Amino acid sequence: MIAAAFFWLWSVSAALATDLSFEFAPTVAKGANPWISLSSPREVRSMQIAVETSAKTHTFTKTNLAAGQSVRIEWPRNPAITEALVKVLVEYTDSYEEEIEIPLTWSFGAALSVDLSRASADVAKRTLSVKVSTKVDKAEVIAYGAHKVVLDQQTVDIGAGPGEIHVPWIGSPSDVVLLDVTLHAGASYSGFTYSPWFLDIPHDDVLFDSNSSVINPSEEPKLQATLAQLHDVLDKYGEIVPVKLYIAGCTDTVGDAQHNRDLSRDRAKAIASWLRKNGYSKPIFYYGFGESWLAEATGDGVDSPLNRRAQYMVGANPPPAGSGVPAVSWIPL
């Protein structure tokens with residue numbers, strides 16, 4: 001028997017910047033229907049779900065969901081159909097909207113299943129960790145670059161499981177945009193797609209007046225240049241992965257630490273808002289690190305131009321472990 005489960009990691013865990021998490025059964029039990037369960041830690045005004053199969057599109061609408069409330073939907077079992085594209089449009093109570101697509105594939109009564117709800121990646125170690133139901137013999141890994149060009153393709157030995165296994169990715173994270181992974185356990189297999197892609201956007205920092213988060217008109221040409229770079233990124237990668245922009249505000253160690261956090265957050269939000277108002281339509285997240293993420297280590301009260309900065313980063317996921325960026329709960333614009 002063959003089992004298969006596909007997922008997009010940027011939609012899997014509430015620890016990631018997307019607020020939606022989901023789980024589904026890659027192996028459908030005898031007599032049961034295929035299903036998917038979705039939830040968010042935030043209050044939801046409405047959730048529209050379309051399950052597109054080769055035979056029919058099944059639509060569902062859920063409203064007024066409490067934070068953390070799970071929504072489970074299922075559609076009729078058809079042994080001839082083992083894959084679907086799930087499209088989800090969510091409107092939160094603060095009017096923020098999020099749209100994701102989740103390609104699923106499943107089998108009926110197979111042996112191997114993969115728990116992707118706590119999947120994690122480590123850039124420094126170049127590994128992807130998932131939990132499996134049985135011992136995995138090997139993994140086939142295909143690495144795709146910009147415009148979905150195949151960079152490399154390898155079969156690697158795993159020899160681990162059940163429980164957590166570590167799958168190496170091939171190629172450099174700076175070049176690899178998408179990984180297609182197929183795990184093999186005897187006659188069973190399970191596949192998923194993951195994006196390790198993460199990119200810094202070089203830029204000239206916007207200079208703010210002291211204790212201000214207002215962008216002066218004289219600084220706007222810098223953001224125009226950044227906006228042009230972001231559109232180039234979308235042209236190159238936007239059809240492969242759902243590109244997200246992360247803006248991190250940072251300060252030096254002069255002044256009160258809490259004030260620095262607030263000021264850096266407000267400045268990061270101001271930059272994000274300017275980009276949105278001037279034509280950048282993809283998801284934007286921001287965070288104020290204050291003096292907690294220094295470019296150069298200094299003592300307290302040190303005036304450091306290097307530490308007064310903003311970082312612009314893009315990826316399908318938030319900056320992963322091993323990237324040098326602290327793990328935080330990014331704020332959606």
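Just so you know, all these numbers are worked out from the coordinates, no wet-lab data involved. Please read all numbers here as calculations on a predicted model, not as lab measurements. No Cβ is skipped: glycine too gets one built from the backbone with ideal geometry, and neighbour counts run over all protein chains shown.
Figures for the structure shown
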quantity: Neighbour-limited loop hits for chymotrypsin sites (Phe, Trp or Tyr not before Pro), region 82-112 (at most 15 other Cβ within 10 Å; DSSP other than H, G, I, E, B); calculated: 96
quantity: Listed values [x] 29, 54, 17, 1; [y] 29, 61, 9, 0; [z] 29, 49, 20, 1, entry calculated as P(r) over Cα pairs in 20 Å bins from 0, in percent; calculated: [x]
quantity: With at most 14 neighbouring Cβ atoms within 10 Å, loop GluC sites (Glu not before Pro) (DSSP) excluded, longest segment of the chain; calculated: 44-238
quantity: Between helix 257-277 and the chain: long-axis angle, C-alpha atoms, 0 to 90°, nearest 10; calculated: 70 degrees
quantity: Relative counts (whole %) of C-alpha pair distances in region 198-332, using bins that are 10 Å wide; calculated: 12, 45, 34, 9, 1
quantity: Shape call, region 114-196: gyration tensor on alpha carbons, a/c limit 1.5; calculated: prolate
quantity: 0 to 90° range, to nearest 10: angle between helix 220-237 axis and the chain longest Cα axis; calculated: 20 degrees
quantity: Listed residues 299, 290, 68, most fluctuating in the chain (Gaussian network, C-alpha, under 10 Å); calculated: 299
quantity: Selected from 80, 121, 66 as most flexible by GNM, with the chain as the system and alpha-carbon contacts under 10 Å; calculated: 80
quantity: About the Cα centre, charge dipole magnitude for the chain (Lys/Arg +1, Asp/Glu -1 at Cβ), debye; calculated: 1020 debye
quantity: Residue of 166, 147, 184 that the Gaussian network model of the chain assigns the largest fluctuation, springs spanning Cα pairs under 10 Å; calculated: 147
quantity: Selection from 329, 238, 203, by position along the positive dipole direction of region 198-332 (Cβ); calculated: 238
